[in-house]
Number of protein chains: 2
Amino acid sequence: MPSYAAPVKETMFLLNDVLNIEKYNNLEGFADATPDMIEAILGEAGKMAEELLQPLNQVGDSEGCVRSDDGSVRTPTGFKAAYDQYSENGWGALPFPEEFGGQNLPATINACVAEYVSSANMAFGMYPGLTSGAVAALLEHASEEQKQTYVPKMISGEWSGTMNLTEPHCGTDLGMLRTKAVRQDDGSFKISGQKIFISAGEHDLTSNIIHLVIARIEGAPEGVDGISLFIVPKFVLDADGNPGERNGVVCGSLEEKMGIHGNSTAVLNYDDATGYLVGTENRGLKAMFVMMNEARLGVGVQGLAQSEVAYQNAVTYAQDRLQGRSISGTKEPEKKADPIIVHPDVRRVLMTIKSFNEAARALVMWTALKGDIHRRSDNEEDKQAADDMMGLLTPIVKGVITDKGFDNTVMAQQMYGGHGYVAEWGMEQFVRDARIAMIYEGANGIQALDLVGRKLPSKGGRAVQAYFKEVGSFCSAHKDNDDMKPFIAPLSKALTDLQTATMWLMQNGMANPDNAGAASTDYMHLFGLVAFGHMWGLMAVAAHEKIASGDGDKEFYEKKLVTGKFFMERVMPEHMAHLARIQTGADTMMTLNAEAF
Amino acid sequence: MPSYAAPVKETMFLLNDVLNIEKYNNLEGFADATPDMIEAILGEAGKMAEELLQPLNQVGDSEGCVRSDDGSVRTPTGFKAAYDQYSENGWGALPFPEEFGGQNLPATINACVAEYVSSANMAFGMYPGLTSGAVAALLEHASEEQKQTYVPKMISGEWSGTMNLTEPHCGTDLGMLRTKAVRQDDGSFKISGQKIFISAGEHDLTSNIIHLVIARIEGAPEGVDGISLFIVPKFVLDADGNPGERNGVVCGSLEEKMGIHGNSTAVLNYDDATGYLVGTENRGLKAMFVMMNEARLGVGVQGLAQSEVAYQNAVTYAQDRLQGRSISGTKEPEKKADPIIVHPDVRRVLMTIKSFNEAARALVMWTALKGDIHRRSDNEEDKQAADDMMGLLTPIVKGVITDKGFDNTVMAQQMYGGHGYVAEWGMEQFVRDARIAMIYEGANGIQALDLVGRKLPSKGGRAVQAYFKEVGSFCSAHKDNDDMKPFIAPLSKALTDLQTATMWLMQNGMANPDNAGAASTDYMHLFGLVAFGHMWGLMAVAAHEKIASGDGDKEFYEKKLVTGKFFMERVMPEHMAHLARIQTGADTMMTLNAEAF
C-alpha cells in the first residue's frame, strides 16, 4: 500500500525563505495571507490530501469510471463523498475573487494545494482542477451576467466545469475543427459535433456540468480565426438559475486508457445542444488559451506531484527492504542483509528524484508567483515583466516537469524490483498516471515549439533577455562567495550553453526554420536545467543565510545544500549533450523521404 | 489496431554484410545454415509472428490469465491453439542439438526469431522462451538420464519449463533463500517453500511443466554456497516417462501486474514436492546462471522487440496523421494539413528510435554470435575470447537495450498524442509490456553492478582490454577514410571517454568501492553508446562497400548511412554527460543518513 505525506515544510521553506512572499504584501489578497495563516491552510490541505484523497487512489484506479447505457457515468467508490467534503471545506474556492464566493488567496498557494491533491489522487484532483480552469476562463472572458450565473456554483463545487477542444481529427491543429454553432433567434446557439478526450466530461459528482466548448459559427472563417467559445451546460438552467432541461450533449463512451482511471475521459456528442457565446465571436481560441495556460501550469504540478509521491514510497521501500550488503562494508550486521538504501546506485536514483522534486516545486511556485504579480499588481511594469516571465516559463514547467516527473516515477518503480511491476504495491499506477501529463494540454513537443517558435522571438526576445539577465546577475552576485561555488560554477556553464544555443537558434532558425524545430525539445530541456539550477541557487542562498543566522532547523538546511550539490554534479552535466545535439541542426533528420522510415 | 512486419531484410543485412556469417562455416551447424536457408527460415518466422502471434497481442493484454480456485490457470483466447502450431512447426527446437530433437541452428538465428516473436507478442513469447532457458540449463548441467527424460519433450513443446528463483524476501540476494529440500531414501528430494514472480509458472498450454527450482538442502551452508538446483515436474513422471501423479506444487495466486498480462506470473507453493537434484549439490546457483545468461540476452531482445514494434506503429501514424503545416512551408497543399512526419521534432523521435533499433539489433546478434563461437568452436583461444566478450557485453545488451527500448516505446506512444494513452490503439501496451524487461532477470542496476564489479575486473581486465583493442583498431583502420569520418570521429571520442571512465573506476573504485557503485549505471550506458557506435561503424563500412560494389538495394544502404550519421550526431553526445557524472564520485550521494531522505 503506498502512502503519502504532504511536504508542507518544503513548501513553507520556499514561500518564506526563498520567495520571501512577505515582500509581496502590496498585492491584492497577499497581505491577508500571513505566514501563519498559510501554514495553517497548507497543514489542513495536507491532511485532506493524506486522509481523504490518498486512500481512494488505488480504488479509483482499479474500479475506474463506469458508463451506463443511458450515458450516465459512475465515479469510483468514495469519490462522491470525498468530492462533497472537498467542496464543503472550500478547497475549490481558494484563489478566486470573494465576490463570487472565492477566498482570494494567491494562486501560488493554490498551486501548493494542487500539488498535494495530485500526489494523493491525481485522477480525483482533475475534477476540481478542470473546474478551476473553466472558472478562470469565464472570469476573464464571460459577460457579467454569465459570471453571476455560473461562476459562484462552480467555485462552491456545486457544479463542475470542462474544456472541450479536441475532435477525432484534430488536437494540436484546432484550425481544423468541425463542431458547428448555429445562431438562434434568442441569441443562443445550437451546437453540434463530437468532442473527444474530455476529462471529467461526464460523472455523478455534481448536479450540473458546465462545458466550455469551442466551435465554428456557421459562416465563420476557416482556420483558427473562425473559432468561438461557448458555455454548454449539461442541464440548461431554468428561470431560477437551477439545472432544468437536459441539454443535447451526451457521453457516447468513455476511453479505456493507460491510467487516471478514476477520471472519466469522455467522448461527448453534441446534437443541437444549447450554447451561449463567451466573449467575442471568432475569438474563442484566445479565450481558451487563458484556460490552457492555467491548465499547463496545473499539468506541470501533476508531473511534480507524481514524482514526489513515487519518491516518498521509493524511500520507504529502500529503507525497509533488506537485500545484499553494502560494497563498502556491512552496515547492519545484526540483520540478515543491509537495507538497499546503503547501495550507491539506489541513492543515486533517490537523490536524482529528490533534487528534481525540490527544484521543480520551487520553479512551479516561482512561476505561479509571476502569475499572481501579473494579475494583482498595480504597477504596469511589474505586471508586464511578470507576464513575460510566466509566458516564457510555462512551457518549461509543463514540458520539462512532466517529462522528468514521468521518468522519476519509472525510476522510483525500479527501486521495488519485481514488486514495482505488481499493481498491489501502487508504484506502477504512478507511472501510468504520470504518463498522461506529457500528452495533454499540448503534448510536450508542442510545448517545445511554443517555447522556441513563439515565446523566444516574442517582442524581440524581451522575455528571454530579461531571464538571462536575471540568472546572469544572480551568478555574478554570488560568484565570489566560496560557499556558493558548487552552485554558481555549474549554473554559469549551463547558462552559457543556453545562451549559445539561443544564439544558434536565432542564426540558424532564421535561415532554415527546420533547425528550430529540430532543436526544440533539446532546447526546452536545456532551458529546464538552467531554470532548475537557478532555483537551486536561490535555495542554496536561503539555506546558507538560515544556517548563518542560527534560526530554524539546521539539519534541514544542510540537507538542502547536499541535495542541491548533487543536482549540480549529477543532473546538470546534461546541458553539454543538449547543446551538442542542438548544434547538429536539422539536415540529417530531414534527409529521408517520409516513405523511407 | 497496431500492426507488425518482421524486419527480415534488416536481419539479413546484418547476417550477410555486417557479421559475414559465412565466415563461420567451421562452426558446428553453421555450414548447413546457408544464407538462402536462413532467409527462408526468417521469412517463415516473420510470417508466423505477423499472422499467428501479433493478432493475439491485444486480446492477451485485455483478457490476461485467469486462475481458478483449483489452482489451474487459463491463458487468453487463442494462446493454446497458437502455441500448438508454434510447437508443431518446430520453432521451439531451432538452436538445440539434433540428438534431443533440435535443429542445431546457430543461436544467432534463434535470437532473430525471438525478436520477431517478442515484437509480435511478448507475453506469448515468454512461454517458449522460458522453456528454452530451462533446456539450456539442463543440457549444461543435468545427467544424461535427466536429459533423455525431459529435454526432448521440452524441445518439442509438449512440456514447458520455468525458472524458480525469487522468494518474497529475496530476489537479488539469493543467499537468503529459504526453500528447503529434504533428501529421500530413493535419492529424490522433497521440496517445500514459496516462490514468487514465476513467469509461465502455471498455464494450460502443455501437458506438463518442468520447474527448475533452487532450494537449500537440509544442513547445507548458509548463503549462496548452500543452494542446489532441482527439477520439479508439475506431474511426476510415471514408469513410462509420461505425466503421472500431480506433484506438490500449486499456483497460489497470479500477480496483477502492469503488463505482459498474457503471461501468467505465478506464486508457486511447494509442499513436499518431489524434486530431482541437477548437477552437484550446493552448486545450484552456478547452474542457474547458465540459464540466467541466456535469459538476459533474451530480455535484451525483448527491449529491442518492443522498441521496434512501437517504432513501426509510430511511423505509420506519423505518415497518416494530418495536423498542422510544415514550418518550412506547406508540403501537401491538396490536403487539409500535412502529415506530422514533416515536423522536425517528430522526425527527431523517429530517427532516434530507428537508429537505436538498428544498432541494438546488430549488438544482439554480434553478442549471440560470440555465444555460438564459445559453444561451437574447436579452437580454445577463440572459445575463450568469445566467452569473455559475451560475458562483458551481456549486461550491456540486457541493461542498456531494455532501458532505452522502454524509453523508445514511451517516445513512440507520444507520437500518437492522446490516442497513445488509449488502450485501443495499442501503443500504451508496448510501454507497459516493455517495462518489465528493465526489472526481471536482474534489475538493470544489478546489470550495471555486474559490469563494473564483476565483468570489468575479471581476469585482470582481460575482456575489457580486448574490447577496447577491437574498437580502437576499428577506429584506426578507418580513420583516414573520408566516407567514414562522420562515424569514426564521434566513436573515437566516446571510446576515449569510456577508457577515461574505466581508468577512473580502477583508481577510485579501489580507494572507495562506493565510487564504483555510484558510477555503475552511467558507466553501463556510456559503454552502451560505444557498443552501439561500434555497431554503426561496422554497418557503415558494410553499407559503403555494398554501394561501391553496385550490388543490391542502393537506397537501403544509403538509408543506413543517414541513420547511422543521425546516431552519431544526436545520440552519441550523451557520452560527455555520463563521464562528467561518473567523475563526481560517490561522496555527495552518500552524505545523507538513510533517515534523512
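Okay, here's what the table says:
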{"read-out": "Output for the range B:314-334, where each listed residue is assigned to a loop (DSSP other than H, G, I, E, B), facing chain A (nearest Cβ under 8 Å) and of a type in the set (Val, Ile, Thr)", "value": "B:ILE327"}
{"read-out": "Residue check, A:GLY405 farther than 23 Å from A:GLY262 by Cβ, open to solvent by less than 20 Å² (accessible area, probe 1.4 Å), under 15 Å from the mean Cα position of the chain (by Cα) and not assigned by TED's automatic domain parsing to the domain that holds A:VAL571", "value": "no"}
{"read-out": "One residue from B:MET535, B:MET576, B:MET539, B:MET568 being farther than 25 Å from A:MET590 by Cα, in a helix (DSSP H, G or I), in contact with a helix residue (DSSP H, G or I) (Cβ under 7 Å, 6 or more places away or on another chain) and not β-branched (Val, Ile, Thr)", "value": "B:MET576"}
{"read-out": "Residue check, A:ALA337 touching a Leu at 6+ places or on another chain (Cβ under 7 Å), part of a loop (DSSP other than H, G, I, E, B), within 13 Å of chain B (Cβ to nearest Cβ) and crowded, with 20+ Cβ neighbours inside 10 Å", "value": "yes"}
{"read-out": "Subset of the range B:86-107 that is among the acidic types (Asp, Glu) and under 21 Å from B:ILE373 (Cα atoms) - its residue that is nearest to the chain's Cα centre (by Cα)", "value": "B:GLU98"}
{"read-out": "Residue match in the range B:230-249 (condition: open to solvent by 10 Å² or more (accessible area, probe 1.4 Å) and modelled with pLDDT under 95)", "value": "no"}
{"read-out": "Within the range B:79-106, tally of residues that are touching a Gly at 6+ places or on another chain (Cβ under 8 Å), open to solvent by 10 Å² or more (accessible area, probe 1.4 Å) and either part of a loop (DSSP other than H, G, I, E, B) or at positive phi (or both)", "value": "4"}
{"read-out": "Restricting the range A:252-273 to residues that are surrounded by 23 or more Cβ atoms within 10 Å (Cβ to Cβ) and hydrophobic (A, V, I, L, M, F, W, C), the residue that is farthest from A:GLN184 (Cα to Cα)", "value": "A:MET258"}
{"read-out": "Odd one out for A:LYS9 among (1) more than 22 Å from the chain's Cα centre (by Cα); (2) open to solvent by 10 Å² or more (accessible area, probe 1.4 Å)", "value": "(1)"}
{"read-out": "Given (1) touching a helix residue (DSSP H, G or I) at 6+ places or on another chain (Cβ under 9 Å); (2) more than 20 Å from B:ALA434 (Cβ to Cβ); (3) open to solvent by 10 Å² or more (accessible area, probe 1.4 Å), number of the condition A:MET411 does not satisfy", "value": "(2)"}
{"read-out": "Of the criteria (1) open to solvent by 10 Å² or more (accessible area, probe 1.4 Å); (2) under 30 Å from A:VAL315 (Cβ atoms); (3) in a helix (DSSP H, G or I); (4) out of contact with any strand residue (DSSP E or B) (no Cβ under 7 Å at 6 or more places or on another chain), which one A:ASP388 fails", "value": "(2)"}
{"read-out": "Only listed residue being closer than 30 Å to B:ASN408 by Cα, open to solvent by 10 Å² or more (accessible area, probe 1.4 Å) and of a type outside the set (Lys, Arg), chosen from B:ALA295, B:ALA305", "value": "B:ALA295"}
{"read-out": "Qualifying residues in the range A:547-594 (those that are at the interface with another protein chain (Cβ under 7 Å from one of its Cβ atoms) and of a type in the set (Val, Ile, Thr)) - the one nearest to B:LYS493 (Cα to Cα)", "value": "A:THR584"}
{"read-out": "Any hit, the range A:8-26, residues being among the acidic types (Asp, Glu), over 17 Å from A:ALA362 (Cα atoms) and in contact with a helix residue (DSSP H, G or I) (Cβ under 7 Å, 6 or more places away or on another chain)", "value": "no"}
{"read-out": "Only listed residue being modelled with pLDDT of 95 or more, open to solvent by less than 20 Å² (accessible area, probe 1.4 Å) and among the hydroxyl-bearing types (Ser, Thr, Tyr), chosen from A:TYR276, A:TYR311", "value": "A:TYR311"}
{"read-out": "Any hit, the range B:469-486, residues being touching a residue at least 12 places away in the same chain (Cβ under 8 Å) and within 14 Å of chain A (Cβ to nearest Cβ)", "value": "yes"}
{"read-out": "Residue satisfying condition, being farther than 18 Å from B:ASN263 by Cβ, assigned to a loop (DSSP other than H, G, I, E, B) and either of a type in the set (Ser, Thr, Tyr) or open to solvent by 30 Å² or more (accessible area, probe 1.4 Å) (or both), within set B:ASP70, B:ASP36, B:ASP17", "value": "B:ASP70"}
{"read-out": "Tally of residues being away from every other protein chain (no Cβ under 14 Å) and open to solvent by less than 10 Å² (accessible area, probe 1.4 Å) across the range A:516-542", "value": "11"}
{"read-out": "Members of the range A:254-272 found to be touching a residue at least 60 places away in the same chain (Cβ under 8 Å), within 13 Å of chain B (Cβ to nearest Cβ) and within 17 Å of A:THR162 (Cβ to Cβ), listed by number", "value": "A:LEU254, A:LYS257, A:ILE260, A:ASN263, A:THR265, A:ALA266, A:VAL267"}
{"read-out": "Strands (runs of 3 or more DSSP E) within the range B:117-230 that include 1 or more residues within 14 Å of another protein chain (Cβ to nearest Cβ) and hydroxyl-bearing (Ser, Thr, Tyr)", "value": "B:189-199"}
{"read-out": "Residue count for the range B:192-212, restricted to those that are within 20 Å of the chain's Cα centre (by Cα) and open to solvent by 10 Å² or more (accessible area, probe 1.4 Å)", "value": "2"}
{"read-out": "Filtered residues of the range A:20-33 (kept if outside any helix (DSSP H, G or I) and either of a type in the set (Phe, Trp, Tyr) or open to solvent by less than 50 Å² (accessible area, probe 1.4 Å) (or both))", "value": "A:LEU27, A:GLY29, A:PHE30, A:ALA33"}
{"read-out": "Hits in the range B:107-132 (condition: open to solvent by less than 10 Å² (accessible area, probe 1.4 Å) and within 18 Å of B:THR394 (Cα to Cα))", "value": "B:THR108, B:ILE109, B:CYS112, B:GLU115"}
{"read-out": "Test set (1) touching a strand residue (DSSP E or B) at 6+ places or on another chain (Cβ under 8 Å); (2) among the hydrophobic types (A, V, I, L, M, F, W, C); (3) more than 9 Å from every other protein chain (Cβ to nearest Cβ) - B:VAL309 fails condition number", "value": "(1)"}
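Here is a yes/no grid of residues against (1) in contact with a helix residue (DSSP H, G or I) (Cβ under 9 Å, 6 or more places away or on another chain); (2) under 29 Å from A:ARG435 (Cα atoms):
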| residue | (1), (2) |
| --- | --- |
| A:VAL236 | no, no |
| A:PRO243 | no, no |
| A:GLY262 | yes, yes |
| A:ASN269 | no, yes |
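The values are calculated or read from the model by the stated rules, or taken from the named source; none is laboratory data. Because the structure is predicted, anything quoted here is derived from the model rather than measured. Positions of Cβ are backbone-derived with ideal geometry, glycine not excepted, and every protein chain shown enters the neighbour counts. With ligands, DNA and RNA removed, areas are computed over all heavy atoms of the protein, side chains included. Shrake-Rupley method; radii C 1.70, N 1.55, O 1.52, S 1.80 Å.
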